[in-house]
Amino acid sequence: MAGIRTTWIGYHRVMGAVVREIEAKFEPARDGGIPDLTVLDDIVSVADPETHELDAIYFDTDGLALSASGLTLRRRVGGSDAGWHLKIPSPGGGRDELREPLGGGPPEVVPESLERAVHLYTRGQALGAVVRLRTRRRVYRLCDADGRTLAELCDDLVTADTLGEPEASTKAWREWEVELVDGDNGLLQAAGELLQASGARPASGPSKLARALGNRIPVPDTSVTATSAGKSGAPDASAVDVVGTHLRQQLVELKYRDPLVRRDVPDAVHKIRVAMRRLRSALASYRPLLDRQVTDPLRDELKWIAGILGDARDAEVMRERLAGLIADEPVELVMGPVQQRVNRQLGTAYRVAHLRAVEAMESPRYTTLIDKLDAVVTNPPWTPRAAEPAVDVLPGRVTKAFKRLRRRVEAVADAPDRRTRDQRLHEVRKAAKRARYAAEPLVDVLGRDAERFTKATKKLQSVLGDYQDAVVTQPVLRQLAVQAHLDGENGFTYGRLHGRQQALAASLRASYHQAWARAKAKKRRSWLP
């Protein structure tokens, strides 16, 4: 049923410091009983219910800045996951949950790590209690033939009290939640259909907090190309439709990753830099469609913050790369404390770079950039050309990006030495990325033609990315070897890994020529003017 999809809250998977949920919420009919859940495929038994008394305090600014952006921050006691929870809406409609233990601090004081995580939204405003939710929860575990819990159904009796307002209010309601554990989305869909057939209906709000606050939550300005939101993939879509939607998607992704970067969630730095690069590339590739006096300064600022984040990303990638290389070595060829040295030196480099990045993200310069991006994405400074059909305007911008790529490729052949060649190959990689990013928003409009081009340029970018990794790893290994030697350790393993990276780089140069031949093939560019 369509209603189930709109009530999916997120993903329940543990990923490093992040917990994801996949659950659907429903409002049962008055005095409605839970139907027989064993009629669902793979559900053989339903365990006797466990009862929990949950008491949660939700925190926000006076203006409910977190709630307005879909974030929830709470301190909950009772149940199996007592502690501090920050839930962040993801672009796909889900929510990631960051957690902290209850600790021994005052219950009204938000942990510093979570307070810093939401800085983009609070801008340093104080966080205070806004709602208290008390829930009597009965949890039913849905098990398969092996006794595995595939999902849980929670039957909640909720009492919500608003706090910090002159006219406090109390609300009470009953709610069902179906949450996946080891089951799949098909089970969630089927369970939702069964519950609705019993008289339940999709929950009226995305969360208990939103229901408790009601119309107190400010309505954010979501007018960004609102008329184009459903047309970006239509054959008659305008450039406004396609580019406006693309810009909005990248800004949403950037803001989603922001708290994860501050909390140092694995791969968050990489993901936010991708969103920044896509935004910057779009503002460059689609220059004729936007007022450059407005957008060019934003490109400069995106380059600034992405560069600072790049130091942390480089250290993170190098540490992971060397750990993988060392793990692939036969144990008898790893001589000395090789992994320990890598962890110590590159781990320190990452922590220093990450701290510097978070400091930059707490600066007025960064928040000003986000505010200006919000303004541009909400009300883009379109030029008259943007109103033209996307199929008439955007392929030409991809052609321009491809010509740039070709020039970079041709420059490689004239490189006078190895160092210059490697630098120019890095420029080819960046140009391939821009061509790919320029074409990607057209895939939904032009279909297979644009898709084949983006796949080919992505492959070229990927090969050159691997090549760049092999190139920059070599001096790092040499530096590690020198330091190990000075400390009286055996440098054999570093030299062996260095040789492997040299051989890999040579192999990838051959792959590069093959990838470029595919990317430049006329059949992949037949749709370009």
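The values are calculated or read from the model by the stated rules, or taken from the named source; none is laboratory data. Source: prediction; values computed, not measured. Because the Cβ atoms are built from the backbone with ideal geometry, glycine has one as well, and the counts that use them run over all protein chains shown.
Assorted remarks:
Table: residues versus (1) modelled with pLDDT of 85 or more; (2) acidic (Asp, Glu); (3) closer than 30 Å to PRO441 by Cα.
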| site | (1), (2), (3) |
| --- | --- |
| ALA200 | yes, no, no |
| ALA203 | yes, no, no |
| LYS208 | yes, no, no |
| ALA212 | yes, no, no |
| VAL224 | no, no, yes |
| LYS231 | no, no, yes |
| PRO235 | no, no, yes |
| VAL242 | yes, no, yes |
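- Filter pass, VAL274 being aliphatic (A, V, I, L, M), touching a residue at least 60 places away in the same chain (Cβ under 8 Å), within 30 Å of LEU480 (Cβ to Cβ) and in a helix (DSSP H, G or I): no
- Selection within the range 327-364 - in a helix (DSSP H, G or I), within 24 Å of ASP487 (Cβ to Cβ) and over 29 Å from the mean Cα position of the chain (by Cα): VAL331, GLU332, LEU333, VAL338, GLN339, GLN340, ARG341
- Options LEU394, LEU333: the member that is among the aliphatic types (A, V, I, L, M), touching a residue at least 24 places away in the same chain (Cβ under 8 Å), exposed (fewer than 14 other Cβ atoms within 10 Å of the Cβ) and in contact with a Phe, Trp or Tyr (Cβ under 8 Å, 6 or more places away or on another chain): LEU333
- Residue match in the range 360-367 (condition: under 25 Å from LEU251 (Cα atoms), crowded, with 18+ Cβ neighbours inside 10 Å, in contact with a Lys or Arg (Cβ under 9 Å, 6 or more places away or on another chain) and in contact (Cβ under 8 Å) with a residue 12 or more places away in the chain): yes
- Candidate set from the range 289-313 (those that are touching a residue at least 60 places away in the same chain (Cβ under 8 Å) and of a type in the set (D, E, K, R)); member that is surrounded by the most Cβ atoms within 10 Å (Cβ to Cβ): GLU301
- Among the residues making up the range 80-109, a single one is over 16 Å from ARG263 (Cα atoms) and not in a loop (DSSP other than H, G, I, E, B): GLY83.
- The set of residues in the range 141-157 being touching a strand residue (DSSP E or B) at 6+ places or on another chain (Cβ under 6 Å), more than 19 Å from ALA203 (Cα to Cα) and not polar (S, T, N, Q) consists of ARG141, LEU142, CYS143, ASP144, LEU150.
- Qualifying residue in the range 158-171 (condition: free of Cβ contacts under 8 Å to residues at least 24 places away in the same chain, among the small types (Gly, Ala, Ser) and either touching a strand residue (DSSP E or B) at 6+ places or on another chain (Cβ under 6 Å) or in the same structural domain as TYR58 (by TED's automatic domain parsing) (or both)): yes
- Selection of the range 144-166 for residues being part of a loop (DSSP other than H, G, I, E, B) and touching a Phe, Trp or Tyr at 6+ places or on another chain (Cβ under 9 Å) yields only LEU163.
- Residues in the range 486-500 that are crowded, with 18+ Cβ neighbours inside 10 Å and not charged (D, E, K, R): GLY491, THR493, TYR494, LEU497, HIS498.
- From the list GLY214, GLY199, GLY205, the one residue that fits, being on the phi > 0 side of the Ramachandran plot and free of Cβ contacts under 8 Å to residues at least 60 places away in the same chain, is GLY214.
- Test: VAL398 is modelled with pLDDT of 95 or more and under 30 Å from ARG496 (Cβ atoms): no
- The lone exception for SER507 - which of (1) of a type outside the set (Lys, Arg); (2) assigned to a helix (DSSP H, G or I); (3) surrounded by 18 or more Cβ atoms within 10 Å (Cβ to Cβ) it fails: (3)
- Pairs with Cβ under 8 Å, 6+ apart, first in the range 413-425 and touching a residue at least 12 places away in the same chain (Cβ under 8 Å), second in a loop (DSSP other than H, G, I, E, B) and surrounded by 10 or more Cβ atoms within 10 Å (Cβ to Cβ): ARG424/ALA415
- Complete set of residues in the range 494-524 that are modelled with pLDDT under 95 and touching a Ser or Thr at 6+ places or on another chain (Cβ under 8 Å): none
- Filtered residues of the range 429-472 (kept if among the β-branched types (Val, Ile, Thr) and more than 22 Å from GLN250 (Cβ to Cβ)): VAL463, VAL471, VAL472
- Test: residue in the range 179-199 that is more than 30 Å from LEU37 (Cβ to Cβ), touching a strand residue (DSSP E or B) at 6+ places or on another chain (Cβ under 8 Å) and part of a strand (DSSP E or B): no
- Any hit, the range 20-40, residues being among the hydrophobic types (A, V, I, L, M, F, W, C), modelled with pLDDT under 80 and either in a loop (DSSP other than H, G, I, E, B) or assigned by TED's automatic domain parsing to the domain that holds GLY124 (or both): yes
- Within the range 232-267, the set of residues being in a loop (DSSP other than H, G, I, E, B) and touching a strand residue (DSSP E or B) at 6+ places or on another chain (Cβ under 8 Å) comprises ASP236, ALA237, ARG263, VAL265, PRO266.
- Some residue of the range 386-394 being part of a loop (DSSP other than H, G, I, E, B) and within 24 Å of ASP466 (Cβ to Cβ): no
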